[in-house]
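Inspection log for the structure reproduced underneath, given as structure tokens.
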Amino acid sequence: MKKPLVLVFFVQFIVMIFASTALAAPELKMIAPGVFALVGGEGRANSGFVVTDDGVVVIDTQGPPELAMLLREKIKETTDKPVTHVLNTHYHGDHTFGNQYFAEAVIIAHENTRRALIDKDEAHRTMFKKFFGEDSLKGFSLTLPAVTFNDRMTLRVGGRTIELVHPWPIAHTDGDIFVWLPAERVVFAGDLLYNGRLPLLNDGGTAGALKALELITLTEASVLVPGHGPVSVMGDVAGYRGFIEALRTEAGALIDRGALREEVVSQVKASGYSEWLMYKEWLPANAGKVFDELMAERKNRIEQDR
Ligand SMILES: [Zn+2]
């Protein structure tokens, strides 16, 4: 009799959370046999999981505890197999701070992701609380990846092959990976791909972002799960690439005319993306970031030409 009661409280708790913040609840979608995406409400972070013969592989563990617990619950509703592996696509808290709810699994990430979780811990927590509220880290305990790699890794679990690929140069962070299931033709792109919501490029770079999208395109995946936004196809990869290219083209043209940083920040529009979530909030910061990046690229070129 105990279990249903716990469940009732849990459901009430979840309902309360989403009612109080007026947020759409995440939605579970099967994207290939045994392969699932948990799509965050209103552009919040996505997760995924792959059910294999030997256990479940989770991709990104969410951040706020209620979302990590919801992910755990969705897995339990889908299969009675245990979670054996967790993959972190990059260090950002909305993808990793739920690791503690999957502590029985082997957590795998890029070496730089583990390092960033340690080195940036304090600033990272401050940033996380800014997004998710002062109380969002109550009971939080930093749970680090146990297995790390640098370039590429192949994980074979219960009849499935899962490729973990680290693109370079820096795209979204210095420890990005995307998760590729070649047999199922599915990619979990982490924050290398956004759909319907602007990224925040503060840890990354647009040259690397374009390189990463090129690599993702080479997989010829038929279904892609972005870090934020609805389940996607290759056309959406081209759509996101268009946003990055618009930033670079517009900022580049302004710099050619001698524009200062603040002029680039206020004049870059990427107007084809004005309907995307966080457009107003994050466009100026992204424009500033691209200005810095393009100026550094130009300086490097001058150095090389001397
Ligand atoms: Zn991120």
Quiz item: So which residues in the range 146-168 are part of a loop (DSSP other than H, G, I, E, B) and more than 16 Å from the ligand (Cβ to nearest atom), if there are any at all?
Solution: ALA146, ASN150, ASP151, GLY158, GLY159, TRP168
Practice problem: Determine whether the range 71-82 contains at least one residue that is within 16 Å of the ligand (Cβ to nearest atom) and in contact (Cβ under 8 Å) with a residue 24 or more places away in the chain. | Solution: no
Practice problem: Using the structure shown, decide if LEU218 is more than 21 Å from GLY272 (Cβ to Cβ), out of contact with any Leu (no Cβ under 6 Å at 6 or more places or on another chain) and hydrophobic (A, V, I, L, M, F, W, C). | Solution: yes
Quiz item: What are the residue pairs meeting all of these: first residue in the range 199-219, first residue in a helix (DSSP H, G or I), second residue of a type in the set (Lys, Arg) and more than 16 Å from the ligand (Cβ to nearest atom), Cβ atoms under 8 Å, and 6 or more apart or on different chains?
Solution: THR206/ARG248; LEU210/ARG241; LEU213/ARG241
Quiz item: Which of the following residues is buried (at least 18 other Cβ atoms within 10 Å of the Cβ) and either touching a residue at least 24 places away in the same chain (Cβ under 8 Å) or part of a helix (DSSP H, G or I) (or both): GLU263, GLU297, GLU293?
Solution: GLU293
Exercise. Go through the range 120-146 residue by residue and tally those that are acidic (Asp, Glu) and modelled with pLDDT of 95 or more.
Key: 2
Practice problem: Can you confirm whether the range 188-201 contains a residue that is within 16 Å of the ligand (Cβ to nearest atom), on the phi > 0 side of the Ramachandran plot and not aliphatic (A, V, I, L, M)? | Solution: yes
Quiz item: Taking GLY41 and the conditions (1) touching a residue at least 24 places away in the same chain (Cβ under 8 Å); (2) small (Gly, Ala, Ser); (3) away from the ligand (no atom under 16 Å from the Cβ), which numbered condition does it fall short on, given that it satisfies the others?
Solution: (1)
Practice problem: Output the number of residues of the range 42-77 satisfying the condition of being of a type outside the set (A, V, I, L, M, F, W, C) and within 15 Å of GLY158 (Cβ to Cβ). | Solution: 4
Quiz item: Restricted to the range 202-218, and to residues that are over 12 Å from GLY242 (Cα atoms) and hydrophobic (A, V, I, L, M, F, W, C), which residue is farthest from the ligand (Cβ to nearest atom)?
Solution: LEU218
Exercise. Would you check if there is a residue in the range 247-256 being in a loop (DSSP other than H, G, I, E, B) and aliphatic (A, V, I, L, M)?
Key: no
Quiz prompt | Selection count, the range 35-47, where residues are surrounded by fewer than 21 Cβ atoms within 10 Å (Cβ to Cβ) and touching a helix residue (DSSP H, G or I) at 6+ places or on another chain (Cβ under 9 Å) | solution = 1
Quiz item: For the range 169-187, what are the residues that are under 30 Å from GLY158 (Cα atoms) and either assigned to a helix (DSSP H, G or I) or more than 13 Å from the ligand (Cβ to nearest atom) (or both)?
Solution: VAL179, TRP180, LEU181, PRO182, ALA183, GLU184, ARG185, VAL186, VAL187
Quiz item: So which of SER141, SER136 is in contact with a Lys or Arg (Cβ under 7 Å, 6 or more places away or on another chain) and either touching a residue at least 24 places away in the same chain (Cβ under 8 Å) or buried (at least 16 other Cβ atoms within 10 Å of the Cβ) (or both)?
Solution: SER136
Quiz item: Which residue, of GLY205, GLY159, GLY229, is small (Gly, Ala, Ser) and surrounded by fewer than 19 Cβ atoms within 10 Å (Cβ to Cβ)?
Solution: GLY159
Practice problem: Hey, can you tell me all the residues within the range 217-265 that are more than 23 Å from GLY48 (Cβ to Cβ) and in contact with a Pro (Cβ under 7 Å, 6 or more places away or on another chain)? | Solution: VAL265
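The values are calculated or read from the model by the stated rules, or taken from the named source; none is laboratory data. The model shown is predicted, which means the values in this text are computed figures rather than measured ones. Neighbour counts run over all protein chains shown; Cβ positions are idealised from the backbone, glycine included.
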